[in-house]
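Notes follow once the structure below has been shown.
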Amino acid sequence: VDRSNLQRVVALINGKGGVGKTTITANVGGLLALSGWKVLIVDLDYQANLGLDLGYHGTEVDDEGLALAQALTYGVTPKPAHDVRPGLDVIVGGAHIDAAAAALVSKAAQGKLEEARLSVAVMLDQIAVKYDIILLDCPPGNDMLQAAAVAAARYVLIPVKTDEGSLRGMKITADRLDSVLDLNPDMDLLGVLMFGSSTSATNVRREFSEQVADALGGAQATPEMRSEIEALVFTTFLRHSEATAKKARGSGLLVHELDNQVKAAPKFWEQLRAGLKPQSVGPASAEGVADDLQEIAAEVVRRIQEKEHANGDVHVG
Ligand SMILES: Nc1ncnc2c1ncn2[C@@H]1O[C@H](COP(=O)(O)OP(=O)(O)OP(=O)(O)O)[C@@H](O)[C@H]1O
Ligand SMILES: [Mg+2]
C-alpha cells in the first residue's frame with residue numbers, strides 16, 4: 001500500500017464497548033466538516049450506531065454496510081454516502097459487515113493474513129485523496145476488523161471510561177496496536193480521551209492520567225516514560241450527560257445541532273404566554289457537551305498538526 005494518501009487517517013478504537021467511540025467520531029467529523037474540511041467517516045461496526053447519531057439510519061443511503069463489505073471482501077471501490085452533512089461523507093456500516101469480517105478471517109486462515117489486515121488500507125487508498133481527514137469508527141468486538149482499521153491508520157485515538165474495566169480494556173487495545181506495527185510502523189497514538197466523566201475536577205483528571213500510565217507503561221516504566229504517556233491524555237474530556245446523549249442519538253442530531261435547536265426554540269414562558277403547552281426541544285446540558293466536543297475536535301486538529309510539524313510533513317487544511 002502506498003501510504004502517502006493515508007497520512008490523516010484516525011482510528012477511534014477501544015476493545016471495550018460503550019466508551020464513546022461512535023459519539024466522538026460522529027461529532028468530531030461533523031464539526032471538522034463544518035469548519036471546511038473534507039471529511040470521510042467509515043463505520044466499521046455492524047451495530048451502525050453512527051447512522052443514528054448522524055440521522056441517516058433507515059434512509060436511502062443506508063445500505064447496511066453492503067458497499068463496505070464488498071470493498072473489504074472483493075476490493076470493489078466503495079462509493080461513500082455523499083454529504084451526510086455538507087463536506088461529510090460516510091461509508092455506511094451495518095449487518096453486512098459481519099460476513100465481510102468472516103471472509104477476512106477465512107482469508108487469513110488460508111495464509112493471507114497480511115492481505116486481510118490490509119483490506120481497510122487498500123480500500124481507503126482508492127479514495128483517500130479526496131479527503132482532508134478520515135475517521136474510522138471501530139467496533140468493540142471483532143479483532144479482525146479492529147486490526148484492519150489500525151493497520152490503515154496513521155493515528156489512533158482511544159476513548160476510555162474511567163472505571164477499572166475500561167482501563168484494562170485499554171491495555172488490551174494497546175497490545176492490539178503493537179500487533180500490527182510490522183504492517184504499519186508509522187502508526188502513532190494521538191491520545192487517550194476520558195469519556196462520560198461526571199466531574200471536571202483536576203484531581204480526577206490527574207488520577208486518570210496516572211491510571212493510563214499504569215495501564216500503558218506497566219511496572220517498569222521510568223518517570224520519563226510515564227510523563228510521556230500522561231501527555232497523551234486529552235486536556236478536554238467529554239462530560240457525562242445522558243439526557244443530551246439520548247436526545248441527540250434519538251433525533252439524529254449532532255450535539256451542536258441539538259444545542260442550536262434548544263437555543264432557537266421559544267423559552268417556556270414564551271410558550272406559556274402564547275397559550276401553548278410548554279415543551280422542551282432538548283436538555284440545556286447540550287450546550288456544555290457541545291462545548292466539550294468542540295474542544296475535543298480542536299485538540300484533535302492541534303495534536304495532528306503538532307505531529308505533522310514535528311515530522312516535517314506539509315499539509316494544507
Ligand atoms: N456525554 C455523554 N454522557 C453520557 N452518555 C453518553 C454521552 N455521549 C454518548 N453517550 C451514550 O453512551 C453510550 C455509548 O456511546 P457510544 O455509542 O458513542 O460508544 P461506543 O464506544 O461507540 O459504543 P460501542 O462499543 O457499542 O460501539 C451511548 O448510549 C451514547 O448515547
Ligand atoms: Mg460505537
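Can you give the charge dipole size of segment 174-317 about its Cα centre, rounded to the nearest 20 debye, using +1 on the beta carbon of Lys and Arg and -1 on the beta carbon of Asp and Glu?
Computed about the Cα centre, the dipole is about 1160 debye.
May I ask you to derive the FRET efficiency for N311 and D143 from their Cβ-Cβ distance with R0 = 35 Å, giving the value to the nearest 0.05?
Calculated transfer efficiency: 0.75.
Could you check what % of the DSSP bridge pairs in the chain are antiparallel, to the nearest 5?
5
At a Förster radius of 25 Å, what calculated FRET efficiency corresponds to the Cβ-Cβ distance of F268 and E242, to the nearest 0.05?
Given R0 = 25 Å and the Cβ-Cβ separation, E is 0.70.
Order by neighbour count: W269, W37, fewest other Cβ atoms within 10 Å first, most last.
The order, fewest Cβ neighbours first, is W269, W37.
What is the sum of charges around D89, taking Lys and Arg as +1, Asp and Glu as -1, for the other residues whose C-beta is under 13 Å from the C-beta of D89?
Charge balance near D89 sits at +1.
Subtract the Cα-Cα distance of T59 and E207 from 0.36 nm times their separation in residues, and report this length gain in nm to one decimal.
Full-extension gain reported as 48.9 nm.
Take the alpha carbon gyration tensor of the chain, find the square roots of its eigenvalues, order them as a ≥ b ≥ c, and report rounded if a/c is under 1.5; if not, report prolate when a/b exceeds b/c, else oblate.
In terms of gyration-tensor shape, oblate.
Would you mind pulling out the separation of the Cα centroids of segment 59-103 and segment 267-317, in Å?
Distance between centres, Cα-based: 27 Å.
Using the 2.2 N^0.38 Å rule of thumb for compact globular proteins, work out how segment 1-150 stacks up: its C-alpha Rg over that value, please.
Normalised Rg, Cα atoms only: 0.95.
How do T22, T235 line up, fewest other C-beta atoms within 10 Å first?
Least crowded to most crowded, the residues run T235, T22.
Any chance you could run the full-extension gain for K130 through E224? It's 0.36 nm times the residue separation minus the Cα-Cα distance, nm to one decimal.
Between K130 and E224, full extension yields an extra 29.9 nm.
So if each residue of separation counts as 0.36 nm, and I subtract the Cα-Cα distance between D163 and E295, what length gain in nm does that give?
45.2 nm
Karplus couplings for segment 100-107 from phi (6.51 cos²θ - 1.76 cosθ + 1.60, θ = phi - 60°), rounded to Hz, Gly and Pro as x?
Calculated HN-Hα couplings, in order: 5, 5, 5, 5, 5, 5, 6, 4 Hz.
Beyond a 25 Å Cα-Cα separation, which of these cross-linked pairs lie in this structure: K16/K79; K79/K247; K247/K277?
Pairs exceeding 25 Å: K16/K79; K79/K247.
Over all Cα pairs of segment 243-313, how is the pair count split among 5 Å bins, expressed in % and running from 0 up to the last occupied bin?
All Cα pairs, binned at 5 Å, distribute as 3, 16, 18, 15, 13, 11, 8, 6, 4, 3, 2, 1, 0 percent.
Suppose R0 equals 41 Å. What FRET efficiency, 1/(1 + (r/R0)^6) with r the Cβ-Cβ distance, do D2 and Q279 give to the nearest 0.05?
For D2 and Q279, the calculated efficiency is 0.15.
Please arrange D178, D143, D53, D63 by counting, for each residue, the other beta carbons lying within 10 Å of its beta carbon, fewest first.
Sorted ascending by nearby Cβ count, the order is D178, D143, D63, D53.
Every number in this text was worked out from the coordinates using simple rules, so none of it is lab data. Note that the structure is a prediction, hence the values are computed from the model and not measured. Every residue, glycine among them, receives a Cβ derived from its backbone with ideal geometry; neighbour counts consider all protein chains shown.
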